[in-house]
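Each remark here refers to the structure printed beneath this line.
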């Protein structure tokens, strides 16, 4: 079986109509559906595996049947794909087949993709409030770069932004007097997110220093040469500050701070719908996983403090 190639490789040239179909699907995802580059790349990466498998069997893109698709997913399972990877791959297949049918294709439609078993629920990793406080205090705020990093750390935790949203956040999208920021998230959907006075204070301090970096980009947070910070740069900085704070670097990521934002809001009585709106989740079922984290912490607190929480606790006569 040929190695799965990506659409970005210069030698890309799938036979049997696959190249054209995948290129058109990429345009459909980015232009018509407005999906992010990360989501589009994930879909196309999964479909590259399908193209490699189909081309090895001389199957054109519009000739796939239910049996073909089931055989492909079985092959992926036998190669060690995790349940979550198979679930994501199935979603990519359904989207691709739906696109082909919309374009007049005569092959199998999205209903032909057998739904894989539901992957086990994995509760998101998060940080305690004291751990977050230590992380926020890690940058050396006696330096301009330290003030910048304290500002974006505060904002990341105060708003629950995705790291890409933070990296691309325009300076003009932060309304300090109102305590809100406007962000364009997945699907190019705008949302307004409030943030607190601590984040506001550090952003104001950074904005006083920002002109000295001679910004060449409109992003709020820029590097030493005025360029916008990339998501990879933010990841690396966060790992450095995690170690400074005495945390395990592998246990801290921008998404872990996003989880902490949601979990701590719920811990303090926030409404689930409000958290959904701030996180930018289209479906509240995506947000509900945070209630499981919240309930687990409540259970632990109950078991620790309630006199009737253990077999050795109080009993009635």
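The values are calculated or read from the model by the stated rules, or taken from the named source; none is laboratory data. Everything numeric here is computed off the predicted structure, so don't read it as measured data. Cβ placement follows ideal geometry from the backbone for every residue including glycine, while neighbour counts extend to all protein chains displayed.
Quick one: is residue 215 at negative phi, assigned to a loop (DSSP other than H, G, I, E, B) and either in contact (Cβ under 8 Å) with a residue 24 or more places away in the chain or over 21 Å from the mean Cα position of the chain (by Cα) (or both)? Criteria met by residue 215. Each residue in region 68-90 was checked for being surrounded by fewer than 19 Cβ atoms within 10 Å (Cβ to Cβ), over 23 Å from residue 15 (Cβ atoms) and free of Cβ contacts under 8 Å to residues at least 40 places away in the same chain, and 11 pass. Which of the residues that make up region 30-67 are assigned to a helix (DSSP H, G or I) and touching a residue at least 60 places away in the same chain (Cβ under 8 Å)? Of everything in region 30-67, those that are assigned to a helix (DSSP H, G or I) and touching a residue at least 60 places away in the same chain (Cβ under 8 Å) turn out to be 38, 39. For region 8-27, the set of residues classified as modelled with pLDDT of 85 or more and either surrounded by fewer than 15 Cβ atoms within 10 Å (Cβ to Cβ) or closer than 19 Å to residue 112 by Cβ (or both) consists of 18, 20, 21, 22, 23, 24, 25, 27, listed by residue number.
Confirm whether residue 311 is part of a loop (DSSP other than H, G, I, E, B) and either in the same structural domain as residue 38 (by TED's automatic domain parsing) or at pLDDT below 85 (or both). Yes; evaluated as a whole, the condition is true for this residue. The conditions of being in a helix (DSSP H, G or I), farther than 22 Å from residue 35 by Cα and more than 20 Å from the chain's Cα centre (by Cα) are met by residue 210.
Listed here are the residues, each with its yes/no results for (1) on the phi > 0 side of the Ramachandran plot; (2) surrounded by fewer than 18 Cβ atoms within 10 Å (Cβ to Cβ); (3) part of a loop (DSSP other than H, G, I, E, B); (4) modelled with pLDDT of 75 or more.
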| site | (1), (2), (3), (4) |
| --- | --- |
| 235 | no, yes, no, yes |
| 247 | no, no, yes, yes |
| 262 | no, no, no, yes |
| 282 | no, yes, yes, yes |
| 304 | no, yes, no, no |
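Applying the criterion of being over 15 Å from residue 276 (Cα atoms), without any contact (Cβ under 8 Å) to a residue 12 or more places away in the chain and touching a strand residue (DSSP E or B) at 6+ places or on another chain (Cβ under 9 Å) to the residues of region 171-208, the residue that is surrounded by the most Cβ atoms within 10 Å (Cβ to Cβ) is 182. Selection over region 171-204 of residues that are more than 21 Å from residue 260 (Cβ to Cβ) and not in a strand (DSSP E or B) gives a count of 10.
Taken together, the criteria exclude residue 272 from residues that are more than 20 Å from residue 148 (Cα to Cα) and either in contact with a strand residue (DSSP E or B) (Cβ under 9 Å, 6 or more places away or on another chain) or buried (at least 19 other Cβ atoms within 10 Å of the Cβ) (or both).
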